[in-house]
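Below is one structure, written out as structure tokens, with a few remarks after it.
The values are calculated or read from the model by the stated rules, or taken from the named source; none is laboratory data. Keep in mind it's a predicted model, so treat the numbers as computed, not measured. Counting neighbours? That spans all protein chains shown, and the Cβs are built from the backbone with ideal geometry, glycine included. Heads up: the accessible areas ignore ligands, DNA and RNA and are worked out on the full protein's heavy atoms, side chains in. Shrake-Rupley method; radii C 1.70, N 1.55, O 1.52, S 1.80 Å.
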Amino acid sequence: MLRNALARLRSAYRGRTAEQAGSGGVRLVLPPSMSATLGCDAVGVPARHGFRLMSHLPRTGCVFADADRWWWIVPAGSDLDLDWPEQVTYAHDAAVPGGRPRLIHSPDALTPYTPPIPLFLMVCQVTGVTPSWDAPGTRSVVSAP
């Protein structure tokens, strides 16, 4: 599985033109068979962490990649009350900056999502950041009983 993903990533990188590499960004397009009823956001992680994250997550949804970042599809609003590390780019509506990431992993299930909490914890671990559930000085979206 990981060898196949690397082969797809390499071919996608070689296939980019100079115009595509300098474009302002794109919205990631899910396979037509996927049902994204919860909306879609994307979490971008430096490419050097991609294989490690994919191999350690209990479930991986759709993953897109280019030479610089790997993008995991998560349900819309997965940034609420999570303080994602600085190395991570969070893209609302899966509108990602930069080149043209290609789909390198598609799950067998009908949903495209990677569960955001396990992804958040793994991203914190590989980047060496202590997990923080909300930004300092902000109120929680969910009120305590």
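Mind putting together the pair-distance distribution for the range 31-128? All Cα pairs, 10 Å bins, whole percent per bin, short to long.
17, 56, 26, 1
Return, ordered by residue number, the residues of the range 107-134 whose backbone nitrogen is under 12 Å from a label point located 7 Å along Cα→Cβ of Asp81.
133-134
Tally up the carbon and sulfur contribution to the accessible surface of the range 31-80 as a whole percent, 1.4 Å probe, everything protein left in place.
Values: 1100 of 1990 Å².
Accessible surface attributable to carbon and sulfur in the range 31-80 totals 56 percent.
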